[in-house]
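So the structure is just underneath, and the comments pick up after that.
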Amino acid sequence: MNEDPNQESRDDGPAPADATAAGLPTSPEQLLARLQELGIAQSSHRHEPVFTVEEAKRLRGELPGAHIKNLFLRNKKGRMWLVVLDEDRKVDLAALGDRLGAGRFSFGSPERLMAHLGVLPGAVTPLALVNARAGAVQPVIDAAILRKGPVNCHPLTNDMTTALAPEDLLRFIEACGHRPDIVDFDAA
């Protein structure tokens, strides 16, 4: 247990591989330390690596709060977006591109993902904005996840889940130099 009363850490599985050795610019431990520096309470636990929403649903049990999926997208002009959605939200990339004024979207390559967010496929997370230059990646947050209590996301690797309050997620993103667009996908 961490000595900070605002933080809880549970060891629920194998220790993650050393992120620095794997070529990641920021390790999960460094990220959690940054959250602590910002006074952001979090709860983290380890688990088997997950690569899909379906795997995460099977593994998590009754973990409360918002569960997300993250889309790392680019348009034809090479601009990047990180779209953070409720895990069950269906999305039409063409309609999303139109809605965001981005034009046609495609998924960013693993190389582009590592270059801009410093994570591997399967570990895309809004917390990876810690590695992005200000303005290089536009975060877009589904308003629905902000209404569901703690937001559960990967802390830079897909063998851990970290839960934090929605307002703290937004505060973290802003502390990393990004201004997220909050989009109500349920609105007409």
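Things to note:
- Odd one out for F105 among (1) open to solvent by 10 Å² or more (accessible area, probe 1.4 Å); (2) closer than 25 Å to Q36 by Cα: (2)
Table: residues versus (1) modelled with pLDDT of 95 or more; (2) assigned to a strand (DSSP E or B).
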{"residue": "E111", "(1), (2)": "yes, no"}
{"residue": "P121", "(1), (2)": "no, no"}
{"residue": "L129", "(1), (2)": "yes, no"}
{"residue": "Q138", "(1), (2)": "yes, yes"}
{"residue": "G149", "(1), (2)": "no, no"}
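- A144 being over 12 Å from the mean Cα position of the chain (by Cα), of a type outside the set (S, T, N, Q) and not in a loop (DSSP other than H, G, I, E, B): yes
- Just one of the listed residues (G177, G118, G135, G108) is touching a strand residue (DSSP E or B) at 6+ places or on another chain (Cβ under 7 Å) and among the small types (G, A, S), namely G108.
- Residue list for segment 151-188, restricted to those being under 11 Å from the mean Cα position of the chain (by Cα), in contact (Cβ under 8 Å) with a residue 60 or more places away in the chain and in a loop (DSSP other than H, G, I, E, B): P155, L156, T157, N158
- Filtered by the rule that a residue be of a type in the set (A, V, I, L, M) and either assigned to a strand (DSSP E or B) or crowded, with 17+ Cβ neighbours inside 10 Å (or both), segment 59-90 gives A66, I68, L71, L73, M80, L82, V83, V84, L85.
The values are calculated or read from the model by the stated rules, or taken from the named source; none is laboratory data. Quick caveat: nothing in here was measured; it's all calculated off a predicted structure. Don't worry about glycine lacking a Cβ; one is built from the backbone with ideal geometry, like all the others, and counts go over all protein chains shown. Calculation scope for accessible area: heavy atoms of the full protein, side chains included, ligands and nucleic acids excluded. Shrake-Rupley method; radii C 1.70, N 1.55, O 1.52, S 1.80 Å.
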